[in-house]
Each structure stands twice: as C-alpha cells, then as structure tokens.
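Notes for the one structure printed next.
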Amino acid sequence: MIAPDIASPDVTRHILKSFGLRASKRLGQNFLIDASVVKDIVAAAEIAEGDAVLEIGPGIGTLTQGLAESGAKVTAVELDKKLPAVLAETLGAYDNVRVVRGDILKTDIRALMENAPFKVAANLPYYITTPILLALLEQRLPITHIVTMVQKEVAERMIAEPGSKIYGALSVAVQYHTEPRIVREVAPRSFIPAPEVASAVIACRKRSAPPVETSDERMFFRVVRASFGQRRKTLANALLGVGVSKEAVRCALEAAGIDAKRRGETLSLAEFARLSDAFSAGKAEDDRRETHDL
Ligand code: SAM
C-alpha cells in the first residue's frame with residue numbers, strides 16, 4: 001500500500017512514476033492533488049458508514065480513498081485498462097472498494113448497484129460530463145446525491161436561472177430532478193496535470209418529487225429539447241421540433257398562455273410544464289377525434 005493521502009502532489013507524482021503512467025488527455029485525466037477538495041466532496045455527499053457510493057473514473061484512487069475512509073461501500077468504474085492494477089495497490093488497504101473496468105456510459109448502473117439506493121461521487125472526465133449527468137438523471141436510478149467535480153462553466157449552467165444566456169436543457173434536467181448547489185470552486189493548480197479551465201464541485205440532492213407537475217414527463221422533456229434545440233428561434237418556430245403541426249404549436253402556446261414570440265431560454269420550469277400539458281391535451285384531443293372519425 002502507498003502512503004495515506006494520495007491527494008498530494010508528491011504522492012501522486014510518485015504513483016505516476018512508479019507505474020510508468022502518463023495522464024491521458026483523451027480520457028480526461030486530471031488527477032486531484034488537493035486533500036481539501038477530497039474532504040469537501042466527501043462531506044457534501046453526506047456519507048454515513050455503509051452507504052453505497054458509485055464513483056465514476058477513480059483514476060489512481062485519490063477520491064476513492066477519501067470515500068473509503070469515510071466508511072462508504074465504493075463501486076468505482078474506470079475505463080482506462082491500465083488503472084485497475086494500480087488501484088489494487090494504491091487502495092490495497094481497503095476492503096470496502098470494488099473496482100470495475102468499463103465505460104460508465106455503457107454500464108448497466110442499476111444492475112451494478114443492485115437496484116438499491118446509492119450516492120454518486122466523482123471528479124468527472126470533462127469530455128463527457130453532460131452525457132454522464134443526463135444518463136444519471138434520466139435513468140430513474142435510486143440515487144440520493146450526485147456530488148461531482150465539473151468545469152466551472154458547466155456548474156454555472158446547471159444552476160442557471162431562466163432568462164440567463166447559459167440556461168438550457170441541462171439546467172432544466174438538473175433542476176427538475178435535483179436541488180443543485182455549488183460547493184466550491186477549484187483552481188487548475190489542484191490537479192496534475194492542471195486543466196486549462198477552472199473547475200467547481202457541485203452537489204445535487206435528488207428531489208423526492210419534481211418541483212412542477214406534468215401529465216407526461218416524456219412530453220415535458222421533448223418540449224424542453226425542442227425549445228433549446230434552436231435557441232435563436234422564437235418558440236413558435238422552435239417548437240415545430242416537437243414533431244407537430246404549426247397549428248398545434250399555436251394552440252398549445254395559446255392554451256398555456258405563453259407568447260409565441262418568446263424564446264425557450266426565458267421559460268421557467270412551471271411554464272415548460274404548462275406548455276407540455278397543453279401539447280399532451282392537444283394530442284389527446286386529436287387522438288379522440290381520429291377514433292371518432294373511424
Ligand atoms: N478520480 C480521479 C481523481 O480525482 O484524481 C481521476 C479523475 S479524472 C478527471 C477522470 C477519470 O475518469 C480518469 O481516471 C479517466 O480514465 C476516467 N474515465 C474517462 N472516461 C471514462 C468513462 N467513459 N467511464 C469511466 N471512467 C472514465
């Protein structure tokens with residue numbers, strides 16, 4: 001086993017050197033070397049002894065060690081073929097860590113976590129942050145907390161309010177499913193190698209129920225995607241992306257009491273819900289008429 005705190009420049013350099021490793025840019029490898037960040041991620045995840053935690057991309061085991069020390073039962077999914085052998089040594093002292101080699105985007109997370117409640121903690125690879133977050137949110141997994149390091153700009157998008165330039169489909173998905181808060185910013189010097197961008201730790205506590213009611217959640221997200229798909233278009237045009245006629249879009253906007261000239265980025269979650277329900281009601285009415293005409 002290697003020294004207690006992997007989260008230091010000296011220990012990290014020593015591990016990289018001993019195993020002949022070079023951080024892979026392609027895999028988004030920036031290893032944490034700041035113990036205070038590890039501590040803050042573990043604290044934000046509110047880990048109690050025995051909690052199941054999924055870590056995405058353990059790297060050489062820096063955050064994994066903090067999670068294991070807190071008494072969590074850690075399952076760490078790592079894509080890099082070279083790293084499981086390294087982790088077997090750096091985390092050799094812990095019997096509460098399981099390392100799984102694989103791509104998190106191709107992993108059956110529900111089966112891996114045995115369909116029981118779990119938390120997610122990660123210093124995410126930045127090249128696939130959004131697909132990973134959306135996968136975690138959309139799969140209806142029994143997650144209670146997601147605490148991750150992301151690019152600062154992504155953290156800001158996750159908490160953005162309607163009307164701001166950075167408010168988008170990611171903001172709506174995160175805020176619909178969770179209550180996000182930025183825990184802290186993290187400077188590039190907290191990693192080896194230093195990334196080109198500033199980072200932030202964001203903690204998202206899963207909501208027990210969505211903040212707005214919709215009759216059809218799939219329709220809600222179809223409307224959100226269409227509204228942001230064509231950011232520069234007015235809703236009247238962007239909403240054609242829902243796959244309905246111009247007339248159906250006009251009727252839905254009117255029924256929801258939303259000005260057709262507005263843009264998607266100005267709509268609150270409650271307005272998206274109203275609009276989505278208006279589309280669902282319009283569709284139900286069309287279906288009813290079709291059946292009647294038969
Ligand atoms: N957790 C370590 C730390 O904090 O120092 C490493 C974080 S590094 C930013 C991201 C890690 O994710 C790397 O170890 C990388 O190999 C891994 N990774 C990249 N793509 C992945 C994927 N699709 N599935 C699982 N792990 C991945």
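The values are calculated or read from the model by the stated rules, or taken from the named source; none is laboratory data. Remember, predicted model here, so these are calculated numbers, not experimental data. Positions of Cβ are backbone-derived with ideal geometry, glycine not excepted, and every protein chain shown enters the neighbour counts. With ligands, DNA and RNA removed, areas are computed over all heavy atoms of the protein, side chains included. Shrake-Rupley method; radii C 1.70, N 1.55, O 1.52, S 1.80 Å.
What to note about this one:
- Options Ile166, Ile159: the member that is more than 11 Å from the ligand (Cβ to nearest atom), open to solvent by 30 Å² or more (accessible area, probe 1.4 Å) and in contact with a helix residue (DSSP H, G or I) (Cβ under 6 Å, 6 or more places away or on another chain): Ile166
- Residue in region 97-114 that is assigned to a helix (DSSP H, G or I), out of contact with any Lys or Arg (no Cβ under 9 Å at 6 or more places or on another chain) and among the hydroxyl-bearing types (Ser, Thr, Tyr) present: no
- For region 106-130, filtered to residues that are within 9 Å of the ligand (Cβ to nearest atom) and not small (Gly, Ala, Ser), the residue that is surrounded by the fewest Cβ atoms within 10 Å (Cβ to Cβ) is Lys106.
- Region 1-25 residues that are closer than 15 Å to Phe191 by Cβ, paired with ones that are among the aromatic types (Phe, Trp, Tyr) and at pLDDT 95 or above (beta carbon under 8 Å, 6 or more apart): Thr12/Phe31; Leu16/Phe31; Ala23/Phe31
- Given (1) buried (at least 21 other Cβ atoms within 10 Å of the Cβ); (2) away from the ligand (no atom under 16 Å from the Cβ); (3) within 19 Å of Asp51 (Cβ to Cβ), index of the condition Pro142 fails: (1)
- Of all residues in region 213-222 being under 20 Å from the mean Cα position of the chain (by Cα) and among the hydrophobic types (A, V, I, L, M, F, W, C), the one that is surrounded by the most Cβ atoms within 10 Å (Cβ to Cβ): Phe220
- Checking Ile6, Ile15, Ile41 one by one, the residue that is among the β-branched types (Val, Ile, Thr), assigned to a loop (DSSP other than H, G, I, E, B) and either touching a His at 6+ places or on another chain (Cβ under 9 Å) or modelled with pLDDT of 95 or more (or both) is Ile6 and no other.
- Looking only at region 272-286, and only at residues there that are free of Cβ contacts under 8 Å to residues at least 60 places away in the same chain and under 30 Å from the mean Cα position of the chain (by Cα), the one that is least open to solvent (accessible area, probe 1.4 Å): Leu275
- Index of the failed condition, Ala23 passing every other in (1) within 12 Å of the ligand (Cβ to nearest atom); (2) among the small types (Gly, Ala, Ser); (3) out of contact with any Pro (no Cβ under 8 Å at 6 or more places or on another chain); (4) under 21 Å from Ile104 (Cβ atoms): (3)
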